[in-house]
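Comments concern the structure below.
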Amino acid sequence: MAVSTTFGYNAPEDRLWLACAAWPQRLWLTRRVVRAMLQAVVQSLESAAAAAPLPAGDTRPAAERAAAAHDASLNQPQPGEQVRALQMGREATDAPALQGAVLCTRFTLLTLGTQTELVFDTPAGQRRLRLSRIGLHRWLHALQLVLRSAGWTDWPAAPDWLTRSYLPPALRSLLTPPPADSALDDEPYDDVP
């Protein structure tokens, strides 16, 4: 069964929130909890890459194998999977769903064979998510995107494989603004001799 989660950053609270359709309310995630989540998930994915058997001739370090698995998870649909784009949006800082959110006081990651279970302890009880390895990569990617909007400058650097762009170079150049000192050519383009 596919699990859908949603993240957001709430500036007045300076916290992230996490929602899951299967939960009765959203969770508030503090910097401390988010840092523990990020470190645990990154370590889990890098450890899995280090422990995986290497194909003949593959001498890449574990971080590069984790990067390849991350790229494949984000860009290669699984058999029978409907392709869905990652959706980004905004929500009012005083959204009604946030009024009933509960604070996550502790995070635990459990590895269960090919599945990973994320356990969030709250005063209202535990909230759990069970994800495949691919789902965990996708979940971590979405978390990283929201962290960028938080602007937490005291944040430890994420590994390169988590923050790098996986867009093809041609698309990446379209999304990168030209340097401020570059002159734009105002001459009209005419390909007729």
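Numbers below:
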read-out: Count - residues of segment 111-126 that are in contact (Cβ under 8 Å) with a residue 24 or more places away in the chain, over 19 Å from the mean Cα position of the chain (by Cα) and assigned to a strand (DSSP E or B); value: 1
read-out: Of the criteria (1) within 18 Å of THR116 (Cα to Cα); (2) at pLDDT 85 or above; (3) loosely packed, with under 13 Cβ neighbours inside 10 Å, which one ALA51 fails; value: (2)
read-out: Single condition GLY57 does not satisfy, out of (1) out of contact with any Ser or Thr (no Cβ under 9 Å at 6 or more places or on another chain); (2) in contact (Cβ under 8 Å) with a residue 24 or more places away in the chain; (3) not aromatic (Phe, Trp, Tyr); value: (2)
read-out: Conditions (1) in contact with a strand residue (DSSP E or B) (Cβ under 7 Å, 6 or more places away or on another chain); (2) open to solvent by 80 Å² or more (accessible area, probe 1.4 Å); number of the one not met by ALA56; value: (1)
read-out: Qualifying position, being assigned to a loop (DSSP other than H, G, I, E, B) and either at pLDDT 80 or above or closer than 20 Å to PRO12 by Cβ (or both), among ARG65, ARG84, ARG90; value: ARG90
read-out: Filter pass, GLY100 being over 15 Å from PHE7 (Cα atoms), open to solvent by less than 40 Å² (accessible area, probe 1.4 Å) and either among the hydroxyl-bearing types (Ser, Thr, Tyr) or at pLDDT 85 or above (or both); value: no
read-out: Residues of segment 8-34 satisfying the condition of being under 12 Å from LEU129 (Cβ atoms) and either of a type in the set (Asp, Glu) or open to solvent by less than 70 Å² (accessible area, probe 1.4 Å) (or both); value: LEU18, ALA19, CYS20, TRP23, LEU27
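Residue by residue, here is whether (1) of a type in the set (A, V, I, L, M, F, W, C); (2) out of contact with any helix residue (DSSP H, G or I) (no Cβ under 7 Å at 6 or more places or on another chain); (3) at positive phi; (4) modelled with pLDDT of 80 or more holds:
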position: VAL119; (1), (2), (3), (4): yes, yes, no, yes
position: ARG127; (1), (2), (3), (4): no, yes, no, yes
position: GLY135; (1), (2), (3), (4): no, yes, no, yes
position: LEU140; (1), (2), (3), (4): yes, no, no, yes
position: LEU145; (1), (2), (3), (4): yes, yes, no, yes
position: TYR166; (1), (2), (3), (4): no, no, no, no
position: ALA170; (1), (2), (3), (4): yes, yes, no, no
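So that you can scan it fast, the table gives a plain yes or no per residue for (1) closer than 18 Å to ARG15 by Cα; (2) loosely packed, with under 14 Cβ neighbours inside 10 Å; (3) of a type in the set (A, V, I, L, M):
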residue: GLY113; (1), (2), (3): no, yes, no
residue: THR116; (1), (2), (3): no, no, no
residue: ASP121; (1), (2), (3): yes, no, no
residue: ARG133; (1), (2), (3): no, no, no
residue: LEU136; (1), (2), (3): no, no, yes
residue: LEU140; (1), (2), (3): yes, no, yes
residue: GLN144; (1), (2), (3): yes, no, no
residue: LEU147; (1), (2), (3): yes, no, yes
residue: TRP152; (1), (2), (3): yes, no, no
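The values are calculated or read from the model by the stated rules, or taken from the named source; none is laboratory data. Being a predicted model, the structure only gives us computed values, none of them experimental. Every residue, glycine as well, gets a Cβ built from its backbone with ideal geometry; the counts of neighbours run over all protein chains shown. For accessibility, only protein heavy atoms count, side chains too; no ligands or nucleic acids. Shrake-Rupley method; radii C 1.70, N 1.55, O 1.52, S 1.80 Å.
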